[in-house]
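Written below as structure tokens is the structure these notes are about.
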Amino acid sequence: MISLSSYLFISFTLFIAGIAVMIARKNIIAMMLGIELILNSAALNFAAYSRFVNNNLEGHLMSLFIIVIAAAEAAVGLAIVIRFFQIKETIHIDDAAQLQS
Amino acid sequence: MGQNYLASLSHYVPELLACLTMFGLILIEATYKEEEKGRGFFFLSAYLGLGSVMTFSFFSLSKPAVTIFTNSLVIDPFSSIMKVIMVLGTLLAVYITSQSKDIEGNLKPEFVIMATGVLVGGMLLSSANNMLVLFIGIETLSILSYVLASLRKGDDRSSEAGLKYSLYGGISSGIMLFGMSHIFGVLGTINFTEMAAALKGVETAQLAILMPSFLLFLVGLGYKIACVPFHMWAPDVYEGSPLPVTAFFSIVPKVAGLAALIRISHNFFAVEGALNIGWVGVLSIIGALTMTVGNVSAIGQRSVKRMLAYSSISHAGMMLMGVLVISELGTRSVIFYSLTYLFMTMAAFMVVSFVNDKYGNDHFERFNGLIFRYPLMSIALAVVMFSLAGIPPFSGFVAKFHIFTALLTKKYYVLAIIAGLNSVVALYYYLKIVRLMVLKDAESKDTIGGFNILNQSVVVALTVPVVLLGVFWEKLLLMADGAKIFIQ
């Protein structure tokens, strides 16, 4: 029987995984995947709470909007990464160190 | 239901006009040929569109508060005045762009279009009344800001700034959503009014989930305001972006984030209790750190643009002081502060922009002896710097004074002392530039092309409110009272 707590556990794991990816990986594409993991964990949470606790549509609405906006954000992010790659010919985050103060 | 939505539209004219301006500008830009240099008609339409947005927001100041679109947005005098400030900031940033050489000619229209988009997001954020609209507002603001930061396509610093902005922005909005989802789970609704009602009956076990969730929620907003634990992106982005973009970032997203933060604080944390104590405690630590870190980092800078960018972080910390008192007085002081800060920072960035265009950089030495060559501009810059530092006859002092009053009414003495010490530190680097302008000899006798009569008069026109608001602030506050600036 899948209950609310299973969903919460999965989404929490996804969240931690996303944060870990952001901290550990040096590849910019991998870091953007980490952002997607975090956003999806939030979307899963909204859907699960809506289904098991609150029985209203607001949570589902939030999940849908999160998916749409995550796509928009990924599109803009990838465009910037491509531009960065064209200039520097690398997608390693340590090479983006020109603006250190 | 349908009629309800149509009736809501009549309160929503400023936002609709801003969207329309954006689409119109895209179409107008499409009609220009590749080799055409002048963009006179384009900028004229931009000024007209933004001007009409400002007029409509200004006229909705006197209207009573209403909630529209099934309670998802609230249009009250507070959100309207925040919109007026944001539109004014956008207008001035567009003017700086039209004069600046820091952005190439064919990219200027793109800046104007994106800036209008950011403005739409900011307007949404300042009148958001549920978490969905708040999230959409923040994302509209952020996604277009990433593009703005990396506007200079061929430049490696600009694209690096955009990259860092988008990575930090993505992770902070993800963390904010994770917090929101647990708040939704506990309170059962995404509407702020219903959430505030549900908050009154929470049990201790629920509080244990709610308090960390609200902390995560704060990350997203704190990132937009660039307050301290979430400010890592700010210096890099401010340095890498073109100068008009930096000027734009230092006012519009900050005001939008502050407006949302004020609304959230008043909705959820105005009642005494564990939540209130926790929220005010967190905000005071963040605010004190923001002021101090911004000021200390600004001291050692060589570039005036970087100095102004760091000082904008510390001013955001100062405005947070007005937010955390959670009273009508605090809100009014934040409104006054952001209005005066708008004029001060835009005048300063404008002068710096023209010096930067002439010499290719804006180091402090470039301002040596400016008073002998351009006395009017130097006096304007000096007035603005005195005002930013908070020296009496000018409006910066009155703004700071209001913040202190708000702090002292709630007996937050330690915060008031920290804020006072920070003002003293800020005095050093603001007066450094005045000292260089007046006491040093000029390096060269070249004329600075940017200082033509039109630009000089615009800078002077921006300096006039800085002086007038400092002297006649009582009258302005009376007007504000007449317009009933309060939060529902």
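Residue by residue through the range B:175-190, note down the ones that are more than 8 Å from chain A (Cβ to nearest Cβ) and either of a type in the set (D, E) or farther than 18 Å from B:F230 by Cα (or both).
Within the range B:175-190, B:I183, B:V186, B:L187 meet the criteria.
The rows are residues; the columns are (1) assigned to a helix (DSSP H, G or I); (2) modelled with pLDDT of 90 or more; (3) not β-branched (V, I, T).
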{"residue": "B:F23", "(1), (2), (3)": "yes, yes, yes"}
{"residue": "B:K37", "(1), (2), (3)": "no, no, yes"}
{"residue": "B:G49", "(1), (2), (3)": "yes, yes, yes"}
{"residue": "B:L61", "(1), (2), (3)": "yes, no, yes"}
{"residue": "B:S79", "(1), (2), (3)": "yes, no, yes"}
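Within the range B:66-73, identify whether any single residue is in a helix (DSSP H, G or I), under 17 Å from B:V120 (Cα atoms) and either in contact (Cβ under 8 Å) with a residue 60 or more places away in the chain or assigned by TED's automatic domain parsing to the domain that holds B:V245 (or both), and answer yes or no.
No, the range B:66-73 contains no residue that is in a helix (DSSP H, G or I), under 17 Å from B:V120 (Cα atoms) and either in contact (Cβ under 8 Å) with a residue 60 or more places away in the chain or assigned by TED's automatic domain parsing to the domain that holds B:V245 (or both).
Let me spell it out: the conditions are (1) more than 10 Å from every other protein chain (Cβ to nearest Cβ); (2) within 26 Å of A:V21 (Cα to Cα); (3) touching a residue at least 40 places away in the same chain (Cβ under 8 Å); (4) not aromatic (F, W, Y), and B:A196 meets all of them except one. Which number is the exception?
(2)
Restricting to the range B:431-488, give me the number of residues that are within 28 Å of B:F78 (Cα to Cα) and at pLDDT below 80.
19
Regarding B:I371, is this residue crowded, with 20+ Cβ neighbours inside 10 Å, on the phi > 0 side of the Ramachandran plot and assigned by TED's automatic domain parsing to the domain that holds B:K445?
no
What is the residue count in the range B:144-174 for residues that are over 21 Å from B:M123 (Cβ atoms), assigned to a helix (DSSP H, G or I) and at the interface with chain A (Cβ under 7 Å from one of its Cβ atoms)?
13
To keep it simple, each residue is scored yes or no on (1) touching a residue at least 12 places away in the same chain (Cβ under 8 Å); (2) at the interface with chain B (Cβ under 9 Å from one of its Cβ atoms); (3) in a loop (DSSP other than H, G, I, E, B).
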| site | (1), (2), (3) |
| --- | --- |
| A:I2 | no, no, yes |
| A:F9 | no, no, no |
| A:L14 | yes, no, no |
| A:A30 | no, no, no |
| A:A48 | yes, yes, no |
| A:F65 | no, yes, no |
| A:G77 | yes, yes, no |
| A:V81 | yes, yes, no |
| A:Q86 | no, yes, no |
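Which residues, counting only those in the range A:45-101, are more than 20 Å from the chain's Cα centre (by Cα) and of a type in the set (G, A, S)?
Answer for the range A:45-101, where residues must be more than 20 Å from the chain's Cα centre (by Cα) and of a type in the set (G, A, S): A:S50, A:A96, A:A97, A:S101.
Can you pull out the helices (runs of 4 or more DSSP H) entirely within the range B:192-274 that have at least 2 residues that are polar (S, T, N, Q) and more than 30 Å from B:H363 (Cα to Cα)?
The helices (runs of 4 or more DSSP H) meeting that bar are B:204-225, B:252-268.
Here is a yes/no grid of residues against (1) in contact (Cβ under 8 Å) with a residue 24 or more places away in the chain; (2) part of a helix (DSSP H, G or I):
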position: B:A406; (1), (2): yes, yes
position: B:N422; (1), (2): yes, yes
position: B:L431; (1), (2): yes, yes
position: B:R435; (1), (2): no, yes
position: B:E443; (1), (2): yes, no
position: B:D446; (1), (2): yes, no
position: B:S457; (1), (2): no, yes
position: B:A461; (1), (2): no, yes
position: B:V467; (1), (2): yes, yes
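Has the range B:282-298 got any residue that is part of a helix (DSSP H, G or I), free of Cβ contacts under 8 Å to residues at least 12 places away in the same chain and over 14 Å from B:L261 (Cα atoms)?
Scanning the range B:282-298 turns up at least one residue that is part of a helix (DSSP H, G or I), free of Cβ contacts under 8 Å to residues at least 12 places away in the same chain and over 14 Å from B:L261 (Cα atoms).
So which of B:L141, B:L124, B:L134, B:L119 is part of a helix (DSSP H, G or I) and over 15 Å from the mean Cα position of the chain (by Cα)?
B:L134
Pairs under 8 Å by beta carbon, first residue of a type in the set (F, W, Y) in the range B:1-25, partner assigned to a helix (DSSP H, G or I), six or more apart or different chains?
none
Select, from A:L8, A:L4, A:L39, the only residue that is of a type in the set (A, V, I, L, M) and in contact with a Ser or Thr (Cβ under 9 Å, 6 or more places away or on another chain).
Sole residue among the options that is of a type in the set (A, V, I, L, M) and in contact with a Ser or Thr (Cβ under 9 Å, 6 or more places away or on another chain): A:L39.
Residue check: is B:A128 of a type in the set (A, V, I, L, M), free of Cβ contacts under 8 Å to residues at least 24 places away in the same chain and more than 25 Å from A:A96 (Cα to Cα)?
no
With (1) closer than 17 Å to B:V458 by Cα; (2) in contact with a Pro (Cβ under 9 Å, 6 or more places away or on another chain); (3) at pLDDT 90 or above as the list, and B:V118 as the residue in question, which single condition is left unmet?
(1)
Pick out the one residue from B:V334, B:V323, B:V355 that is assigned to a helix (DSSP H, G or I) and either touching a Phe, Trp or Tyr at 6+ places or on another chain (Cβ under 7 Å) or surrounded by fewer than 20 Cβ atoms within 10 Å (Cβ to Cβ) (or both).
Answer to the check: B:V355.
Residue by residue through the range A:50-63, note down the ones that are more than 7 Å from chain B (Cβ to nearest Cβ) and either crowded, with 17+ Cβ neighbours inside 10 Å or assigned to a helix (DSSP H, G or I) (or both).
Within the range A:50-63, A:S50, A:R51, A:F52, A:H60, A:S63 qualify.
Given the structure, is B:V296 within 14 Å of chain A (Cβ to nearest Cβ), of a type in the set (V, I, T) and closer than 18 Å to B:Y238 by Cβ?
yes
The values are calculated or read from the model by the stated rules, or taken from the named source; none is laboratory data. Quick caveat, the model's predicted, so the values are computed rather than measured. In this analysis, Cβ positions are derived from the backbone assuming ideal geometry, glycine residues included, and neighbour counts consider all displayed protein chains.
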